[in-house]
Amino acid sequence: MSRLSNRLIARVFTAFPWLARRAAASVVPMSYETTPWTPLKKPLSECRVSLATTAGVHMRGESPFNMADTTGDPTFRVIPAAATTGEIMITHDYYDHRDADRDVNVVFPLDRLREFAAGGRVGGVASRHYGFMGHILENQIDRFVDREIPRVAAMMKDDGVDVALITPG
Amino acid sequence: MGISIERKFTEQIRPSRAVFLKWPYGHPLGEPGAVRQQRAVMEQAFRLLETATEPGIIVDLPFAWRRQAYE
């Protein structure tokens, strides 16, 4: 029942974005005092790009994000570069993803990235991309920041990623 | 490099670079099947990546939701 009500609220927020922004105003998310900075070291046409999204994407057949825990699921799923959009699905009750279900590029633009790489605008598509479920609260935040994010950063480094493009749900 | 649809959160998280769209949740790249729209958002993100010279820039993209023509 609570999953159903979360989905209904998500639909209302998509239909009335001002209502979502009013609700967001009362939320105190994580905050930082400083901004990280890594300059782009070479032309974008030579950069390998990886996608990371909090939109709840994962491969079909893979274990979905845990919706039973109201504090969220801080783990991630890997999307291989060769994945077709038909092989990708979304598990996330906290935003209305009916449009993204029709075309996952709305939240996870893997097809568009492949086109930019084919056209030479970016140097290449990284071998691995990453799905998170962006409803992470309370004690799950520390696990997300201290354990999951460093793992993804290390994997990107192993893959020679120059640019990470991060998208919300 | 981030694409944001909730400016308040982005201001508090302070990513190195972000483009912001005042679009509904669940649509950071736009609408399903709208390839030119999706490309336009990504191109703007890439341009910021190429031009930003200092951390913390959030660029408000001028794209109107469902009322914008894309080349």
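Sort out which residues of the range B:43-71 are under 13 Å from the mean Cα position of the chain (by Cα) and part of a loop (DSSP other than H, G, I, E, B), and write them in order of number. Outline the logic, then answer.
Of all residues in the range B:43-71, those under 13 Å from the mean Cα position of the chain (by Cα) come to B:43-49, B:57-65.
If the condition is that a residue be under 13 Å from the mean Cα position of the chain (by Cα) and part of a loop (DSSP other than H, G, I, E, B), then B:61, B:62, B:63, B:64, B:65 are the ones that fit.
Only one of (1) open to solvent by 60 Å² or more (accessible area, probe 1.4 Å); (2) over 17 Å from residue B:38 (Cβ atoms) fails for residue A:58. Which number is that?
(1)
Assigned to a loop (DSSP other than H, G, I, E, B) and over 26 Å from residue A:46 (Cβ atoms) - does that describe any residue in the range B:34-42?
Yes: the range B:34-42 contains one or more residues that are assigned to a loop (DSSP other than H, G, I, E, B) and over 26 Å from residue A:46 (Cβ atoms).
Can you spot a residue in the range A:87-99 that is away from every other protein chain (no Cβ under 14 Å), at pLDDT 95 or above and open to solvent by 50 Å² or more (accessible area, probe 1.4 Å)?
yes
Let me spell it out: the conditions are (1) away from chain B (no Cβ under 14 Å); (2) modelled with pLDDT of 95 or more, and residue A:167 meets all of them except one. Which number is the exception?
(1)
Inside the range B:16-40, can you point out the residues that are within 7 Å of another protein chain (Cβ to nearest Cβ) and within 14 Å of residue B:55 (Cα to Cα)? Spell out the reasoning first.
At the first step, the residues of the range B:16-40 found to be within 7 Å of another protein chain (Cβ to nearest Cβ) are B:16, B:24-33, B:38-39.
Selection gives B:16 alone.
Just for the range A:111-140: of the residues that are within 12 Å of chain B (Cβ to nearest Cβ), open to solvent by 40 Å² or more (accessible area, probe 1.4 Å) and in contact (Cβ under 8 Å) with a residue 40 or more places away in the chain, which one is nearest to the chain's Cα centre (by Cα)?
A:134
Could you please find all residues in the range A:145-155 being open to solvent by less than 40 Å² (accessible area, probe 1.4 Å) and either among the hydrophobic types (A, V, I, L, M, F, W, C) or within 18 Å of residue A:88 (Cβ to Cβ) (or both)? Reasoning before the result, please.
First, the residues of the range A:145-155 that are open to solvent by less than 40 Å² (accessible area, probe 1.4 Å): A:148, A:152, A:155.
Across the range A:145-155, the qualifying residues are A:152, A:155.
Check off (1) open to solvent by 20 Å² or more (accessible area, probe 1.4 Å); (2) farther than 25 Å from residue A:120 by Cα; (3) away from chain B (no Cβ under 13 Å); (4) assigned to a loop (DSSP other than H, G, I, E, B) for residue A:72 and give me the number that stays unchecked.
Result: residue A:72 passes all but (1).
Those residues that are over 15 Å from residue B:15 (Cβ atoms), at pLDDT below 95 and either open to solvent by 70 Å² or more (accessible area, probe 1.4 Å) or part of a loop (DSSP other than H, G, I, E, B) (or both), I need them from the range A:22-46; list them, please.
Initially, the range A:22-46 is screened for residues over 15 Å from residue B:15 (Cβ atoms), giving A:22-28, A:41-46.
Next cut, at pLDDT below 95 only: A:22-28, A:41.
Residues satisfying the conditions are A:22, A:26, A:27, A:28, A:41.
The values are calculated or read from the model by the stated rules, or taken from the named source; none is laboratory data. The structure presented is a predicted model; accordingly, all values stated were derived computationally and were not measured. No Cβ is skipped: glycine too gets one built from the backbone with ideal geometry, and neighbour counts run over all protein chains shown. SASA here: full protein model, heavy atoms, side chains in, ligands and nucleic acids out. Shrake-Rupley method; radii C 1.70, N 1.55, O 1.52, S 1.80 Å.
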